[in-house]
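Chemist: The following block contains the structure, expressed as structure tokens.
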Amino acid sequence: MDETQRALAAAHRHAERYLATITDRPVGTEFDFGALAETLGTLPDTGSDAEEVIDRLAELLEPGIVAMSSPRFFGFVIGGTLPAAMASDWLVSVWDQNTGLLLPTPATTTAENVAGAWLLDLLGLPADASFGFVTGCQMAHWTCLAAARHDVLARVGWDVERKGLVGAPPIRVVAGADRHVTVDRALRYLGIGLEAIEVVPDDDQGRIDIDALGETLSRGNGPTIVCGQAGNINAGAFDDLDAICDAAREVGAWVHVDGAFGLFAAATPEHAPLLKGVERADSWATDAHKLLNVPYDCGFAATAHPESHMAACQVTAAYLERTDTAREPMHFNPEFSRRARSLPVLAALMQLGRTGVEAMVRQMCDAAASFGRRLDAAPDVEVINDVVFDQVLARFRASSGRDKDHDRLTNAVIEAVQREGTCYPTGTSWHGMELMRISVASWRTTEADVERSVDAILRVSADCRADS
Ligand SMILES: *Cc1c(COP(=O)(O)O)cnc(C)c1O
């Protein structure tokens, strides 16, 4: 075998060994990252055989790999990796197609155009929406809000791509108090700035207060963008998107929806009503690397205004080959060169089909609901949110009954559970409370995993109470 074949065979060997243990290995890890950095040392003067490099990396790094694709990893909103998505991602690297333009990369660009159309269909979004595959939901926000910035300013006669924002009419951004931080980050990158945000209060589940939204919108005028949310990062709650679109339409505002994981509610008939009105929005940002379970990094930006989307992103140069008849990915993305990150999306959708995605999302939500019921039934554990989707927020109540003791106990339980290794929830501060956050986002998570995890959490929390 030549060096390439030996390196790939080594990677395959390590992958198989790792995946063989994925359902049972401890999820968290205690890893000496200082020691790893020391072992790696400084840039070597001379190289090594590729197979040896792979073996060495596997040996050094694997002890520090947190099993994020374990069926019992519940931190952040991560998502596992479906077999076809993972394997096709290997081919993305092997084929190494710079998937920006159709003519030089006809196969991966065409596959991307199909994957985008299938995703729009799955998510219940307009079939003629424009779309781009980006690195994640944050950059999907950037892409959608760049289109929005173009659109709302063009309507008052300002060409932002030519003139920039200096001297431009101000843009109002109206958004909920419990929006995701990446909306703010995208607004910073776009030069709109944080002071442009007019914050609307939220309710006990983190949803935008619709009356307050109406009042806020009526207080000003001019170019306006409203940001709604399908799937609150903590509670999993969905804004009333229909009502947001009604209110925004009255003042001619652009509606952007952060649906990083929540847009996938469209996949099941029992959760789809949470998204009522979503198709009326002007732009949508989501992630395939979360609930669709493709590898990092894969976000998706879609807009109902292809011209504005293109005005914000399109690029031409004399040396680029291009067609005028087909969709060119480069015109809908912030990146120039890019990998064919949409191929794992196509592969995942081919593996599961519409009914398979439905079953997967249902399994995640059923697991979250079961978590909620089991934890809430335990003495001195309180589930804080309505478990409407895949997120659960739990608080561990201390015997003193004091808030600060609940907070301290809850944080101690989270840390101890992560150390114990059966499962891996993470924490959050929300509505003045320290809480355990459980997000079910992997195709591998079964009811048995929930049972095993709840047992571990309750066992560990009893120890924490005894210690305190
Ligand atoms: C994860 C998430 C984001 C950010 O997505 P990235 O893919 O990490 O950029 C934005 N909004 C919500 C609601 C999220 O859950």
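The values are calculated or read from the model by the stated rules, or taken from the named source; none is laboratory data. Values in this document were obtained by computation on a predicted structure and should not be read as measured data. With ideal geometry, Cβ positions are generated from the backbone for all residues, glycine too; neighbour counts draw on all protein chains shown. When the accessible area is computed, the model is the full protein with side chains, heavy atoms only, and any ligands, DNA or RNA have been set aside. Shrake-Rupley method; radii C 1.70, N 1.55, O 1.52, S 1.80 Å.
Chemist: With respect to Phe74, is the statement that it is under 30 Å from Asn232 (Cα atoms) and either open to solvent by less than 70 Å² (accessible area, probe 1.4 Å) or among the polar types (S, T, N, Q) (or both) true? Quick ask: steps written out before the conclusion?
Modeler: Values: under 30 Å from Asn232 (Cα atoms): yes; either open to solvent by less than 70 Å² (accessible area, probe 1.4 Å) or among the polar types (S, T, N, Q) (or both): yes.
Against the criterion (under 30 Å from Asn232 (Cα atoms) and either open to solvent by less than 70 Å² (accessible area, probe 1.4 Å) or among the polar types (S, T, N, Q) (or both)), Phe74 qualifies.
Chemist: If you take the residues in the range 343-360 that are touching a helix residue (DSSP H, G or I) at 6+ places or on another chain (Cβ under 9 Å), farther than 13 Å from Ala87 by Cα and not aliphatic (A, V, I, L, M), which one is least open to solvent (accessible area, probe 1.4 Å)?
Modeler: Within the range 343-360, the match that is least open to solvent (accessible area, probe 1.4 Å) is Gly356.
Chemist: Separate question: Restricting attention to helices (runs of 4 or more DSSP H) lying wholly within the range 114-196, give those where 1 or more residues are at pLDDT below 95, within 16 Å of the ligand (Cβ to nearest atom) and aliphatic (A, V, I, L, M). Quick ask: steps written out before the conclusion?
Modeler: Working: elements: 137-154, 160-163, 181-189.
In the range 114-196, there are no helices (runs of 4 or more DSSP H) which contain 1 or more residues that are at pLDDT below 95, within 16 Å of the ligand (Cβ to nearest atom) and aliphatic (A, V, I, L, M).
Chemist: From the list Ala340, Ala347, exactly one residue is in contact with a Ser or Thr (Cβ under 7 Å, 6 or more places away or on another chain), among the aliphatic types (A, V, I, L, M), modelled with pLDDT of 95 or more and not in a loop (DSSP other than H, G, I, E, B). Which is it? Please lay out each step first, then the result.
Modeler: Numbers: Ala340 fails: not in a loop (DSSP other than H, G, I, E, B).
Selected residue: Ala347, the only one of Ala340, Ala347 that is in contact with a Ser or Thr (Cβ under 7 Å, 6 or more places away or on another chain), among the aliphatic types (A, V, I, L, M), modelled with pLDDT of 95 or more and not in a loop (DSSP other than H, G, I, E, B).
Chemist: Among the numbered criteria (1) without any contact (Cβ under 8 Å) to a residue 60 or more places away in the chain; (2) open to solvent by 10 Å² or more (accessible area, probe 1.4 Å); (3) not in a helix (DSSP H, G or I), which one does Val226 miss?
Modeler: (2)
Conditions (1) buried (at least 24 other Cβ atoms within 10 Å of the Cβ); (2) within 16 Å of the ligand (Cβ to nearest atom); (3) within 21 Å of the chain's Cα centre (by Cα), marked per residue:
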residue: Arg280; (1), (2), (3): no, no, no
residue: Thr286; (1), (2), (3): yes, yes, yes
residue: Leu291; (1), (2), (3): yes, yes, yes
residue: Ala312; (1), (2), (3): yes, no, no
residue: Val315; (1), (2), (3): no, no, no
residue: Ala326; (1), (2), (3): no, no, no
residue: Phe332; (1), (2), (3): yes, no, yes
residue: Ser337; (1), (2), (3): no, no, no
residue: Ala340; (1), (2), (3): yes, no, yes
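Chemist: State which residue pairs qualify: first residue farther than 22 Å from Leu346 by Cα and inside the range 275-290, second residue modelled with pLDDT of 95 or more and within 9 Å of the ligand (Cβ to nearest atom) in any location, beta carbons under 7 Å apart, and separation of 6 or more residues or different chains.
Modeler: Leu275/Ala230; Val278/Ala230
Chemist: Hey, could you check the range 261-278 for residues that are part of a loop (DSSP other than H, G, I, E, B) and open to solvent by less than 10 Å² (accessible area, probe 1.4 Å) and say which is nearest to Val134 (Cα to Cα)?
Modeler: Step one: of the range 261-278, the residues part of a loop (DSSP other than H, G, I, E, B) are 261, 268-271, 276-277.
Then drop every residue that is not open to solvent by less than 10 Å² (accessible area, probe 1.4 Å), which leaves 261, 268, 277.
Values: Phe261: 15, Thr268: 25, Gly277: 25 Å.
Looking at residues that are part of a loop (DSSP other than H, G, I, E, B) and open to solvent by less than 10 Å² (accessible area, probe 1.4 Å), I get Phe261.
Chemist: Moving on to the next point. Starting from residues that are more than 19 Å from the chain's Cα centre (by Cα) and open to solvent by less than 60 Å² (accessible area, probe 1.4 Å), keep the ones in the range 178-197 and report whichever is farthest from Ala243 (Cα to Cα).
Modeler: Gly191
Chemist: Quick one: is Asp209 open to solvent by 30 Å² or more (accessible area, probe 1.4 Å), at pLDDT 95 or above, away from the ligand (no atom under 16 Å from the Cβ) and more than 22 Å from Ala168 (Cα to Cα)? Give the steps one after another, and end with the answer.
Modeler: Numbers: open to solvent by 30 Å² or more (accessible area, probe 1.4 Å): yes; at pLDDT 95 or above: yes; away from the ligand (no atom under 16 Å from the Cβ): yes; more than 22 Å from Ala168 (Cα to Cα): yes.
Here the answer is yes, as Asp209 does meet what is asked.
Chemist: Restricting the search to the range 27-67, which residues are open to solvent by 80 Å² or more (accessible area, probe 1.4 Å), at pLDDT 95 or above and not polar (S, T, N, Q)?
Modeler: Glu38, Leu40, Leu43, Pro44, Asp45, Glu52, Arg56, Glu59
Chemist: Which ones in the range 293-307 are away from the ligand (no atom under 16 Å from the Cβ) and buried (at least 24 other Cβ atoms within 10 Å of the Cβ)?
Modeler: Step one: list which residues in the range 293-307 are away from the ligand (no atom under 16 Å from the Cβ), which gives 303-307.
Across the range 293-307, the qualifying residue is only Thr303.
Chemist: Please go through the range 238-255 and give me each residue that is within 16 Å of the ligand (Cβ to nearest atom) and open to solvent by 10 Å² or more (accessible area, probe 1.4 Å), ordered by number.
Modeler: Hit for the range 238-255 is Phe238, nothing else.
Chemist: Continuing with the same structure: Any idea which of (1) touching an Asp or Glu at 6+ places or on another chain (Cβ under 9 Å); (2) over 30 Å from Gly353 (Cβ atoms) is the one Asp211 doesn't satisfy?
Modeler: (1)
Chemist: So how many residues does the range 79-99 have that are open to solvent by 20 Å² or more (accessible area, probe 1.4 Å) and either among the aromatic types (Phe, Trp, Tyr) or within 20 Å of Thr21 (Cα to Cα) (or both)? Walk me through how you get there before you give the answer.
Modeler: Of the residues in the range 79-99, the ones open to solvent by 20 Å² or more (accessible area, probe 1.4 Å) are 81, 83-84, 86-87, 89-91, 93-98.
Checking the rest, the ones that are also either among the aromatic types (Phe, Trp, Tyr) or within 20 Å of Thr21 (Cα to Cα) (or both) come to 81, 83-84, 86-87, 90, 95.
Residues in the range 79-99 being open to solvent by 20 Å² or more (accessible area, probe 1.4 Å) and either among the aromatic types (Phe, Trp, Tyr) or within 20 Å of Thr21 (Cα to Cα) (or both): 7 in total.
Chemist: Based on this model, can you work out whether Ser439 counts as among the hydroxyl-bearing types (Ser, Thr, Tyr) and more than 22 Å from Val66 (Cα to Cα)? So that I can check it myself, show each step before the final result.
Modeler: Values: among the hydroxyl-bearing types (Ser, Thr, Tyr): yes; more than 22 Å from Val66 (Cα to Cα): no.
Spelling it out, it is not the case that Ser439 is among the hydroxyl-bearing types (Ser, Thr, Tyr) and more than 22 Å from Val66 (Cα to Cα).
Chemist: Among the helices (runs of 4 or more DSSP H) lying completely within the range 1-108, list those that include at least 3 residues that are free of Cβ contacts under 8 Å to residues at least 12 places away in the same chain.
Modeler: On the way: elements: 3-20, 33-40, 50-61, 83-95.
Ranges flagged: 3-20, 33-40, 50-61.
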